[in-house]
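Any read-out appearing in this document is the output of simple, stated calculations on the displayed coordinates, not a laboratory observation. Values in this document were obtained by computation on a predicted structure and should not be read as measured data. As a convention, Cβ positions derive from the backbone with ideal geometry for all residues, glycine included, and neighbour counts pool all protein chains shown.
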Amino acid sequence: MSATIEGKAWVVGHDVDTDQIYHGQYLPLTDPAEMAKHAMEYVPGMENFAQEVSKGDVVLAGRNFGCGSSREHAVLCLQHAGVALVVAESFGRIFYRNAINLGFPLLEYPDITRFASTGQRIQADPVSGVIKNLDTDQEIHGRPLSGLERQITEKGGLLPYLKAEVEE
């Protein structure tokens with residue numbers, strides 16, 4: 001996992017579910033690059049997200065981001081669209097677990113959606129939890145992953161983690 005992430009903020013509200021992040025009509029797709037073309041398509045105001053997101057961008061979300069069904073596609077489409085990190089007030093339990101299993105960094109911070117506006121530049125360190133708004137010079141400290149969750153994410157996900165454990 002890269003120590004520092006820098007990219008544009010994409011701010012979304014509360015209760016963004018996995019069907020909004022990656023709609024069920026696209027479940028037959030198996031190529032992550034094709035899946036990425038539909039990221040956030042059903043989140044109100046984010047219909048053009050997949051066409052405008054850049055590698056390294058950061059999603060800032062309200063409570064319960066990724067609630068809903070257990071599809072790991074929601075994490076995969078964000079990863080392959082270029083999103084480097086999601087910072088949310090809280091995460092849906094299954095999205096949270098899928099993100100860790102796929103090596104996708106997450107941070108939690110209360111009221112993060114008031115910290116930046118879509119388009120502002122964000123710099124974040126998922127290991128320390130430091131989040132900076134480069135446009136306003138504000139800095140906050142989110143809650144990073146810890147323990148086994150951090151170890152799995154740093155190895156790139158559950159399968160690489162398990163493989164490394166077997167090889168040691």
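Numbers below:
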read-out	value
Length released on extending from TYR26 to SER117, taking residue separation times 0.36 nm less the Cα-Cα span	29.9 nm
Values of log10 I(q)/I(0), in the order q = 0.17, 0.24 Å⁻¹, for the range 1-95 under a Debye, Cα-only, solvent-free model	-0.65, -1.33
Positive minus negative residues near GLU89 (Lys, Arg vs Asp, Glu; Cβ under 9 Å)	-1
Extended-chain gain in nm, criterion 0.36 nm per residue less alpha-carbon gap, LYS163 and GLU47	38.0 nm
Value in Å of the Kirkwood radius, where the range 78-119 supplies the Cα pairs that are averaged	11.2 Å
Rounded to 5, percent antiparallel among DSSP beta bridges of the chain	50 percent
Cβ-based net charge around GLU41, under 15 Å, with every Lys or Arg adding one and every Asp or Glu removing one	-3
Ellipsoid semi-axes in whole angstrom, largest first, where each is sqrt(5λ) of the Cα gyration tensor of the chain	22, 21, 14
Calculated [θ] (222 nm, deg cm²/dmol) that DSSP helices of n ≥ 4 give over the chain, each run adding -39,500 (n - 2.57)	-7500 deg cm²/dmol
